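What follows is a single structure, written as C-alpha cells, with notes after it.
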Amino acid sequence: MIIGIATVTKKKIKGVSDFLLGGRNVNPWMSAFSYGTAYFSAVIFIGFAGKMGWSFGIPTMWIVVGNTIVGSFLAWQVLGKKTREMTHRLGASTMPSFLEKRYKSKNLESLTAFIIFFFLVPYSASIYKGLNFLFEGFGISPMNAYILMAALTAIYLYFGGFIAATLADFVQGCIMVIGVLLMVFFLGSNPEVGGFSGMLSTLSSIDPMLVTPINEASFIPIMGLALLTSIGSWGLPQMIHKFYTIKSEKAAVSAKWVSTAFAFIITFGAAYIGTVSRVFYPDAASKAAAGLTSPDMIVPKIMEIALPDWVAALILVLVISASMSTLASLVLASSSVVSIDFVKGRLKPDLSDKNTMILMRLLCVLFVVLSFILAIVPNSYVLSLMALSWGLVSGCLLAPYFLGLYWKRTTKQGVWAGITSALAIMLGGAYYFGINSVYMPAVGSLAMIAPIFVVMAVSFITKPFESEHIDYIFNKK
C-alpha cells in the first residue's frame with residue numbers, strides 16, 4: 001500500500017510547494033487526520049497508557065480533556081484559519097520563514113531553524129523507542145521492524161513528500177481509530193473487567209485515589225503532562241505545518257471538528273486501556289509476577305491475554321501506523337528547515353526550485369536514517385535531548401508564533417527575550433530537578449507559558465515596528 005501511495009503521489013509533485021505543502025490544497029479530512037497522526041505517536045499507546053494509566057487511573061482523563069479541547073479544538077479554532085491566511089499571503093512555507101518575515105530577522109530564522117533541527121531529529125528517534133516489547137510479544141525482531149518502518153517512511157517521503165505523507169496519514173489514521181475502538185470494546189467486555197462500572201468498582205477497591213478525578217498524588221504529574229502535551233502542540237512546527245497546507249480558511253472549520261473527534265477517540269482509548277490494565281495487574285507484586293519490569297510491557301501483555309489474535313494483530317498495525325505518521329511529520333519538518341531556511345535562506349539564496357526539492361528529498365532520507373541510527377545506538381545525550389525536545393521546541397516557538405499572528409505590538413527584542421526565557425526555564429529545570437523528574441512536564445509547561453508574558457513585557461518597553469511593516473504583515477493595504 002505504501003509503495004502504491006508513493007507511486008501515485010510522485011506524479012503530483014511539480015515543485016517545492018507541492019512537495020512541502022501539498023500545493024496548499026489539502027482537503028479538511030486529510031488535514032485533520034494528518035494533524036492527529038502527527039500528534040499521537042505509538043508512545044500514547046505504549047508509554048502513556050502503561051505508565052500514567054496504570055499509575056493514576058481515572059485522573060488521566062484530564063489529559064484526554066486537555067489534548068481534545070486545547071491541543072485539537074482550540075488549536076484549530078485559534079491558529080488554523082489565521083495561520084493559513086497569513087502564511088499563504090506572506091509566502092512562508094516553514095515556521096522559521098514565517099518568523100523571519102514577521103519580525104524582519106534572518107538571525108531569528110536561523111536560530112529557530114537550528115532549534116527545530118537539533119531537537120526534532122533526536123525526538124524522531126524516540127518514535128522507535130518503547131516498541132521493543134510489543135514486537136517481541138508478536139515474535140517479531142525489533143530491528144527488522146525498525147528497518148521496515150524506516151524504509152517505508154523514507155520511500156513515500158522521497159517520492160511523494162507531503163502529499164504522500166498526508167494520504168498515508170489518512171489511511172493510517174483510519175486504522176488507528178478502528179483499532180482503538182475494537183481494543184476498548186474487547187477490553188471493556190472482558191469478564192475480568194466487567195464493563196466501565198466493573199472497572200470503577202475494582203479500581204476503587206484497589207485504591208480510592210484511582211477513581212478520584214482530582215487528588216494530591218496525581219495533580220502535579222497529570223496536570224503538568226496535560227498542559228505540556230496540550231499547549232505544546234501550539235508551538236510544534238510539525239503540527240503547525242498542517243495549517244499551512246489546508247486548501248482554504250473555510251476548510252479549516254471542517255477540519256477542526258474532525259481533528260477534535262479523532263483526538264478524543266485516540267486519547268480516551270489510550271487512557272482507558274492504561275486504566276483497565278490496573279484491573280489485570282493491581283499492584284507492583286502482580287506486575288513483577290508477570291515479568292513486567294517496565295511500564296512499556298504492560299499494554300503488550302494486556303493485548304496478549306485479553307484480545308483475540310486478529311484484534312491484537314490489528315493493534316500492532318495501529319502502533320506501527322502511528323509511529324510512521326509521526327516520524328514522517330518530524331522528518332519533513334526537519335528537512336524543510338534545513339533546505340528552506342538554512343541552505344536557500346542563508347547559504348545559497350539563488351538555489352533553484354528543482355534543486356531545492358532534490359535537496360529536500362535527500363534530506364528526508366538522511367534524517368530517517370539518522371533517526372534510525374540514534375534509536376538503535378545507546379547514548380545518554382540523545383536520551384536527554386529526547387526528554388527536553390517537546391517543551392524546549394514549543395517553548396521557544398509558541399510565543400513568537402502566537403503573538404506574531406495576533407499582536408501587532410510584538411517586537412523583535414521581545415521575541416529574543418521570550419526564546420531566552422524558554423531556554424533558561426527548560427535547561428534550568430532539567431539541571432535542578434533532573435531530566436527524568438516527575439516535575440519536568442510542569443517545567444515544560446512553564447517554559448511554554450512564561451515566554452508569552454516575557455515577550456509582551458519586553459515588547460512594551462522596546463521600539464515597535466514601523467507602521468508600514470505592520471500594515472504589510474496584517475494586510476492593511
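The values are calculated or read from the model by the stated rules, or taken from the named source; none is laboratory data. This is a predicted model, so every value here is computed, not measured. All Cβ positions, glycine included, derive from the backbone under ideal geometry; neighbour counts span all protein chains shown.
See the values below:
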quantity	calculated
ALA263 of a type outside the set (Ser, Thr, Tyr), closer than 22 Å to ALA42 by Cβ and either modelled with pLDDT under 90 or touching a Gly at 6+ places or on another chain (Cβ under 8 Å) (or both)	yes
Conditions (1) touching a residue at least 24 places away in the same chain (Cβ under 8 Å); (2) touching a Ser or Thr at 6+ places or on another chain (Cβ under 7 Å): number failed by MET303	(2)
Tally, over the range 374-398, of residues that are within 18 Å of the chain's Cα centre (by Cα) and at pLDDT 80 or above	11
One residue from THR87, THR68, THR94 being closer than 24 Å to MET426 by Cβ, among the β-branched types (Val, Ile, Thr), in contact with a helix residue (DSSP H, G or I) (Cβ under 7 Å, 6 or more places away or on another chain) and in contact (Cβ under 8 Å) with a residue 60 or more places away in the chain	THR94
From the options GLY429, GLY404, residue that is more than 27 Å from LYS81 (Cα to Cα), at pLDDT 90 or above and more than 21 Å from the chain's Cα centre (by Cα)	GLY429
Subset of the range 50-60 [crowded, with 22+ Cβ neighbours inside 10 Å and touching an Asp or Glu at 6+ places or on another chain (Cβ under 9 Å)]	GLY50, GLY57
Test: residue in the range 236-251 that is out of contact with any Pro (no Cβ under 8 Å at 6 or more places or on another chain) and within 24 Å of SER437 (Cβ to Cβ)	yes
Flag for PRO441 being touching a helix residue (DSSP H, G or I) at 6+ places or on another chain (Cβ under 7 Å) and either touching a residue at least 12 places away in the same chain (Cβ under 8 Å) or within 27 Å of TRP76 (Cα to Cα) (or both)	yes
Selected residue [more than 27 Å from SER34 (Cα to Cα), among the aliphatic types (A, V, I, L, M) and in a helix (DSSP H, G or I)] from VAL279, VAL331	VAL279
Filter result for ILE222 (of a type in the set (A, V, I, L, M), closer than 24 Å to VAL319 by Cα, touching a Leu at 6+ places or on another chain (Cβ under 7 Å) and assigned to a helix (DSSP H, G or I))	no
Of all residues making up the range 143-194, the number that are in a loop (DSSP other than H, G, I, E, B), polar (S, T, N, Q) and crowded, with 17+ Cβ neighbours inside 10 Å	1
Single residue of the range 236-277 satisfying the filter (surrounded by 24 or more Cβ atoms within 10 Å (Cβ to Cβ), of a type in the set (S, T, N, Q) and within 17 Å of ALA226 (Cβ to Cβ)) that is nearest to the chain's Cα centre (by Cα)	THR267
Candidates LEU210, LEU203 - the one that is more than 30 Å from SER334 (Cα to Cα), surrounded by 23 or more Cβ atoms within 10 Å (Cβ to Cβ) and touching a residue at least 40 places away in the same chain (Cβ under 8 Å)	LEU210
Of all residues making up the range 213-230, the number that are at pLDDT below 90 and crowded, with 19+ Cβ neighbours inside 10 Å	9
Number of positions in the range 321-356 that are aliphatic (A, V, I, L, M), at pLDDT below 85 and buried (at least 21 other Cβ atoms within 10 Å of the Cβ)	2
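Quick grid of which residues meet (1) modelled with pLDDT of 85 or more; (2) over 21 Å from ILE373 (Cβ atoms); (3) of a type outside the set (Gly, Ala, Ser); (4) touching a helix residue (DSSP H, G or I) at 6+ places or on another chain (Cβ under 8 Å):
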position: GLY130; (1), (2), (3), (4): no, no, no, yes
position: PRO142; (1), (2), (3), (4): no, no, yes, yes
position: TYR146; (1), (2), (3), (4): yes, no, yes, yes
position: LEU152; (1), (2), (3), (4): yes, no, yes, yes
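Yes/no matrix, rows are residues, columns are (1) surrounded by 14 or more Cβ atoms within 10 Å (Cβ to Cβ); (2) in contact (Cβ under 8 Å) with a residue 60 or more places away in the chain; (3) not in a helix (DSSP H, G or I):
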| site | (1), (2), (3) |
| --- | --- |
| TYR401 | yes, yes, no |
| ALA417 | yes, no, no |
| THR420 | yes, no, no |
| ASN475 | no, yes, yes |
